[in-house]
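Below: the structure, in structure tokens.
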Amino acid sequence: MNTTANSPSGHLAIDQDMTIYHAEALKSELLASLEPHQVIELDLSRVSQIDTAGIQLLMLTKRECQKQDKTLRIVAHSPAVHELMDFFNIAGFFGDPLVIPAHMPPNAA
Amino acid sequence: MEEILSVFIQEAREQLTEMEAGLMRMEQGDHDPETLNGVFRAAHTIKGGSGVVELGMVEKFTHVVENALDKLRNNEIGVSSGLISAILNCVDHINALLDLAANDQAEADPDTQAKGDALANELRSFLGGAVAPSAKPGAPAEAATELETEGGGKTMNDCWHISVRFGRDVLRNGMDPESILRYLLSLGEIVHITTISDALPEAEEMDPESCYLGFEINFRSHADKAAIEKVFDFVRDGCELHILPPYSKLADYIDLIAHLPEETMRLGEILVKSGSLTQEELDEGLATQQAGAAAKREDGTPPPQLGEILIEQHMVQPEIVEAAVTKQKQISEKKADEARLIRVHADKLDHLIDLVGELVIAGASANLLAQKSGQSTLVEATSVLSRLVESIRDSALQLRMVQIGETFNRFNRVVRDTAKEIGKEIELVITGAETELDKSVVEKIGDPLMHLVRNAMDHGLEPTAVRLAKGKPAAGRVELNAFHDSGSIVIEVVDDGGGLPKEKIRVKAIEKGIISETQTLSDQEIANLIFEAGFSTAEKVTNLSGRGVGMDVVRRNIQALRGTVEVHSQENVGSRFIIRLPLTLAIIDGFLVGVEQSSFVIPLEMVVECMELQNASVDRNYLNLRGEVLPFVRLRELFEVSSERPGRENVVVVKAGGRKAGIVVDVLQGEFQTVIKPLGGLFRHLRGISGSTILGSGDVALILDVQALANLAAGAEEHALAASGARN
């Protein structure tokens, strides 16, 4: 996990599985990363596995940001993240552009 | 005609085709509920769409059909051949109504109306007591009034609605809601899902190993409630699960909203978004709720539950606007398709192909100039260019390629109806439905194919009694095959009937003066006599075929497509009609050859190999190709080019229609992209030439009709042999 912590905008890249097994650690990492920054960019491109616990944490982080008037941007999705977000139909919740093949519009009805 | 109307008609016809296909499958014993569902959805979409474009006659009539299908779906009535026939007739009638609409006629004329009423009544007779016999063809509005006592009418949602809030401990117990929901997919299709995260507590209190999520799912399935509940069996502890069946009462939904922990307004929106409720339905419920809240302020009593209000007031659900439902359904159903398909006007495609054709010619000319200039950089640039042009040409042609399956599938219905009409049992087998060919060819091949198929059923297949006597299975078999073969597409119509009676054909042909009595013909040639004008051997004229205007028209139609048709037949075993068509009518890869100053193009797909013609005897028109006899024609002689033969001649070995032949030319000039320009009517009867093209230099080259040349070569040799045989 790499955090750059100097500017108002922080970049956080998660490079481990976002599953129940790491949920506890992930929660503190994610929430800690919010502290120093106004805008947080989250890079999930190296998350090879994600489950409901992981999604739940992402949703919590997003909501926490909104509460604190901060901005959370997920700047990159791994296929696994993208797939599960699609399945749960929560791309709209995060509101981040998903970089995906042209024939698959984000499922935001 | 308004654009929206024409779009509706086009889409409705597609839906009807789908309905027809589904109904046929059901008749053949397909019990897959998805098939019936598909048919129902198609009818529903037509009804909804016709309401939007204000085609009352279509809407009314389709409603009756939809009713019947709905009863089938609910297992209130069973599938029977009679019922399917009745529905198929209704499909035809809807098609007829669409025809009227296409002619700007918004109301059915009395005849059509009477026919429609008769069909609707026939259909109703299958529904048993379920529909009052005196009921007029029920328009949706009338049907809705009957629901008055239901207390908040049915919703239009044909899906299950599943509302689940998982227990806190599921994750900790090693269960992932994701896999539960994925397992749900084995029972049906998730039309829409909304993830509810409202239960997430404050960040500090949130336990990352607890589950706080819930889902609202619009689920299309034929499983029963117990089966759906079972999916959630493992996670039942602490899990809040509500399952509403399809077409639940509005009140049930309002109840559900009231029982769920989240805010009413938000839930309402979610239900609308997921397609479970329409906006109208929601507004209805919320308006009543607000009225209740107002009442509370006035007299201080607590507001009654929404559902109670609706039930108490026996509130009639007003007719739910079909347009809204249709739109929603189409959005969810077609979304995936839409992203991948666009409708393009055929004219635009044709124009594109024309332009590409010009581009190919212009490219060839540029290429030639570049080569003459001798500048290597220029040559290189133009060669890259011509490669790109080639790719563009291929992609452009690919755009017009369609699968022949759609054309073939039409015959399911034809065969079924005809079999009933003539009292034969007939099975249709289709293979190679995915074979692609040019759209313009597909459009024109329908009629000749129809004729051949009807012929096979009427003339080809024997009556059941005769078949049994011959020891054949009672059910006749008609096959439609399509496949690619050396640059052309082959379509076969095969039957396992009596075959062509050769002797009878010969006698008849002599009688009609098509051949003379002394003419000796091979079996093959006799069989193909049926393509001559004015020929029919059926003793009795049925309304299917046998008026003697058939096969020659078939052949003419196919020849107009630069194709050929022939028949192979064996008495008592069956007949096989073989249609050969070029893949495309516009641009081909050609092989350029030259004789003296003239250039000729041979379609590249037909070229097998090229070689030098060595010490061939002058008077013999065949050579020894690795132990094989290869007949050949000399273009020089065929087209009477009056000059001396050069020292070296070349043979291009071509293959057409399963036959090999050689074409002797002076020089081989290599591959050439050929834009086919049709020859004028003046040259229509020219043999051996199928078209022309323009070379890069501006010269004209003739395109050889290889099939004809191969026949000519083989024929000449056969005749020569026959003549020498007669002399001996």
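Values quoted throughout were computed directly from the atomic coordinates according to the rules given, and no laboratory measurement underlies them. For clarity, every value in this text was computed on a predicted model and none was experimentally measured. Neighbour counts are summed over all protein chains in view; Cβ atoms, including those assigned to glycine, are modelled from backbone coordinates with ideal geometry.
So here's what we get for this one:
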{"item": "Inter-part distance where segment B:177-208 and segment B:474-516 are each reduced to a Cα centre, Å", "result": "63 Å"}
{"item": "Size of electric dipole in segment B:587-727: Cβ of Lys, Arg +1 and of Asp, Glu -1, about Cα centre, debye, nearest 20", "result": "360 debye"}
{"item": "Size of segment B:346-400 as Cα extents on the principal axes (Å, biggest first)", "result": "42, 15, 9"}
{"item": "For residues of A:50-59, the mean tally of beta carbons on other chains within 10 Å", "result": "6"}
{"item": "Compactness of segment B:587-727 as Cα Rg over 2.2 N^0.38 Å, two decimals", "result": "1.04"}
{"item": "Net lengthening on full extension, residue B:514/residue B:350 (0.36 nm per residue, minus Cα-Cα)", "result": "54.9 nm"}
{"item": "Residue-averaged beta-carbon neighbours from other chains (10 angstrom radius) around A:27-37", "result": "1"}
{"item": "Between segment B:394-439 and segment A:19-82, the Cα center-to-center distance that results, in Å", "result": "54 Å"}
{"item": "Charge dipole magnitude, Cβ of K and R +1, D and E -1 - segment B:346-400, Cα centre, debye nearest 20", "result": "140 debye"}
{"item": "Range of Cα positions in segment B:3-143 per principal axis (Å), largest first", "result": "38, 32, 25"}
{"item": "Shielding of B:171-181 by partner chains, average beta-carbon count, 10 Å", "result": "3"}
{"item": "Segment B:154-226 - Rg over Rh from alpha carbon coordinates, Kirkwood radius", "result": "1.04"}
{"item": "Rh (Kirkwood; distinct C-alpha pairs) - segment B:402-582, Å", "result": "16.7 Å"}
{"item": "Positive dipole terminus of segment B:587-727, leading residue within B:641, B:665, B:707 (C-beta point charges)", "result": "B:707"}
{"item": "Segment B:402-582, relative contact order [Cα under 8 Å, separation at least 6], %", "result": "23 percent"}
{"item": "D (Stokes-Einstein, µm²/s), Kirkwood Cα radius, segment B:33-78, 0.890 mPa s at 25 °C", "result": "230 µm²/s"}
{"item": "Inverse mean reciprocal Cα-Cα distance (Kirkwood Rh) of segment A:2-94, Å", "result": "13.1 Å"}
{"item": "Lys, Arg +1 and Asp, Glu -1 on Cβ, resulting dipole of segment B:346-442 about Cα centre, debye, nearest 20", "result": "40 debye"}
{"item": "Fraction of antiparallel bridges per DSSP, segment B:402-582 only, in percent to nearest 5", "result": "80 percent"}
{"item": "Relative packing of B:240-248, B:213-221, which averages over residues the other C-beta atoms within 10 Å, highest first", "result": "B:213-221, B:240-248"}
